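Structure record follows, encoded as structure tokens.
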Amino acid sequence: MSERYSRQELFTGIGLEGQRKIGSKHVLVIGAGALGTGSAEALVRAGVGKLTIVDRDYVEWSNLQRQQLYAESDALDRLPKAVAAKNRLSAINSDVDIMAHVMDVSVEELEQLVDDVDVVIDATDNFDVRMIINDVAQKQKVPWIYGACVGSYGVTFTILPGETPCLACLLETVPMGGMTCDTVGIISPAVQMVVSYQVTEALKILVEDYDALRKKLVSFDLWKNEHVAINVDKIKKESCLSCGKDRTYPNLDRKNQTKTAVLCGRDTVQIRPSKLMERDLEQLATVLAAQGGKVDRNPYLVSFITDDHRLVIFKDGRVLIHGTKDISEAKTLYYRYLG
Amino acid sequence: MNVIVNGEHVEIPKNVATVSNLLQHFELDQKVVIVEWNATILEKADHQETRVSDGDRIEIVHFVGGG
Ligand SMILES: [Zn+2]
């Protein structure tokens, strides 16, 4: 057992004391896609005390190229990513307390999840949820690490409430959905590079070596051989509604929350019922089978295939409608089969 | 005109007069970006007025959403 972290304890930045701190800390990883699986594996191997990972999706074949915790069997079984991730992470390090939630993170969920967390790793795929993370992190004074990648390009920034600018300061306007969708693909080294930055920053925070933090906005393009680091201290705005002196946390306003979302580059719409519920999947499978179409079920979700679409219904009531980007068409299907 | 963008020397056409033009030239005008111009970080409102001259050193980071 004492051998397990010996190489990390030999590293001056961490040492025995740092390792003890890492082992007593809690990291929240939001998203279990490419970035989330990379960060979670590195942190669990590093011996973090507790790791919580949340994701709203399930494993598909196109994930296996870069989402390192998943195997073919997970795609075959359509396991929720959070469940498959937990299985693999527990096998890697049984000493770590691993919590996994199959859920779509919005304000309410995040405010609960962030409680007692030492650092949040952003492994999401959209700015709607990042802006919520931003405001919850400011409100509860938790550091978080923005990270994103597309193609061979990646970008990351560590946000320390009360010190650095927040994401709202940096963006001013939130990028539109279409702009951020990964329609140009992604190579896994770009993922790994962002993961390396995020995990290293997280380790510095966990061992409380704040002076070592990078403090710059960094981006790279591995294919074009570019690397940029910009000091953005001056971008912090006193007038910022998320981190300034008259803050109102606009992204936590329930009015601004969407019940439907088009999933990036996936030809899929998610519909979130206004009240989360626990669906009886067995009964649902029977009802759907009676309406024709092919029904499959595992303990976490039901998959229902009609002529042109596939509906995936989760236990918490959420439904993914594959085969459309059109919210009104998705709603029609939702009410036809599940209304 | 020759400027240094993200560490690389690049030749840009004469009609690129401002930082806004430069972002259009690199097809980054529809993206959310942070621009550092000769070691000074620019407010987004300054992109229009900031003139680009020969030898300028410009760093551009654009935000993406994928993960
Ligand atoms: Zn701010």
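The values are calculated or read from the model by the stated rules, or taken from the named source; none is laboratory data. Treat the numbers as computed from the prediction; the structure is a model and nothing was measured. Ideal geometry is used to build each Cβ from the backbone, glycine not excepted, and the neighbour counts take in all protein chains shown. Please note that ligands, DNA and RNA were not included when accessible areas were found on the heavy atoms of the full protein model with its side chains. Shrake-Rupley method; radii C 1.70, N 1.55, O 1.52, S 1.80 Å.
One table, with the values for the structure above:
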quantity: Subset of segment A:87-123 (residues that are modelled with pLDDT under 95 and polar (S, T, N, Q)); calculated: A:Ser106
quantity: Residue within segment A:217-233 that is of a type outside the set (A, V, I, L, M), part of a helix (DSSP H, G or I), over 13 Å from A:Thr158 (Cα atoms) and out of contact with any Phe, Trp or Tyr (no Cβ under 9 Å at 6 or more places or on another chain) present; calculated: no
quantity: Residues of segment B:1-29 classified as in contact with a Pro (Cβ under 9 Å, 6 or more places away or on another chain) and assigned to a loop (DSSP other than H, G, I, E, B), total; calculated: 1
quantity: All positions within segment A:296-308 that are surrounded by fewer than 18 Cβ atoms within 10 Å (Cβ to Cβ) and farther than 24 Å from A:Ala100 by Cα; calculated: A:Ile305, A:Thr306, A:Asp307, A:Asp308
quantity: Matching residues, segment A:136-166, being touching a helix residue (DSSP H, G or I) at 6+ places or on another chain (Cβ under 8 Å), within 13 Å of the ligand (Cβ to nearest atom) and within 12 Å of A:Val120 (Cβ to Cβ); calculated: A:Trp144, A:Tyr146, A:Ile159, A:Leu160, A:Pro161
quantity: Those residues of segment B:6-48 which are open to solvent by 80 Å² or more (accessible area, probe 1.4 Å) and more than 12 Å from the chain's Cα centre (by Cα), in sequence order; calculated: B:Glu8, B:His9, B:Glu11, B:Lys14, B:Asn15, B:Gln30, B:Ala39
quantity: Residue among B:Val52, B:Val64, B:Val3 that is open to solvent by less than 20 Å² (accessible area, probe 1.4 Å), closer than 30 Å to A:Leu35 by Cα and in contact with a strand residue (DSSP E or B) (Cβ under 7 Å, 6 or more places away or on another chain); calculated: B:Val64
quantity: Selection from segment A:240-279 of residues that are of a type in the set (Gly, Ala, Ser) and open to solvent by 90 Å² or more (accessible area, probe 1.4 Å); calculated: A:Ser274
quantity: Close pairs (6 angstrom Cβ cut-off, 6 or more residues apart or separate chains): part of a loop (DSSP other than H, G, I, E, B) in segment B:31-46, aromatic (Phe, Trp, Tyr) and open to solvent by less than 70 Å² (accessible area, probe 1.4 Å) anywhere; calculated: B:Val32/B:Phe63
quantity: Those residues of segment A:137-156 which are buried (at least 24 other Cβ atoms within 10 Å of the Cβ), touching a residue at least 40 places away in the same chain (Cβ under 8 Å) and in a helix (DSSP H, G or I), in sequence order; calculated: A:Gln138
quantity: Output for segment A:195-249, where each listed residue is facing another protein chain (nearest Cβ under 9 Å) and of a type in the set (A, V, I, L, M); calculated: A:Leu217, A:Val218, A:Val228, A:Ala229, A:Ile230, A:Val232, A:Ile235
quantity: Count - residues of segment A:208-239 that are open to solvent by 90 Å² or more (accessible area, probe 1.4 Å), within 14 Å of the ligand (Cβ to nearest atom) and in contact with a Gly (Cβ under 9 Å, 6 or more places away or on another chain); calculated: 1
quantity: Hey, A:Lys25 basic (Lys, Arg) and under 19 Å from A:Ala137 (Cβ atoms) or not; calculated: yes
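Residue-by-condition table, conditions (1) at the interface with chain A (Cβ under 9 Å from one of its Cβ atoms); (2) basic (Lys, Arg); (3) farther than 18 Å from A:Val228 by Cβ; (4) touching a helix residue (DSSP H, G or I) at 6+ places or on another chain (Cβ under 9 Å):
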{"residue": "B:Leu23", "(1), (2), (3), (4)": "no, no, no, no"}
{"residue": "B:Glu27", "(1), (2), (3), (4)": "no, no, no, no"}
{"residue": "B:Gln30", "(1), (2), (3), (4)": "yes, no, yes, yes"}
{"residue": "B:Val33", "(1), (2), (3), (4)": "no, no, no, yes"}
{"residue": "B:Asn38", "(1), (2), (3), (4)": "no, no, no, no"}
{"residue": "B:Asp46", "(1), (2), (3), (4)": "no, no, yes, yes"}
{"residue": "B:Glu49", "(1), (2), (3), (4)": "no, no, yes, yes"}
{"residue": "B:Ser53", "(1), (2), (3), (4)": "no, no, yes, no"}
{"residue": "B:Ile58", "(1), (2), (3), (4)": "no, no, no, yes"}
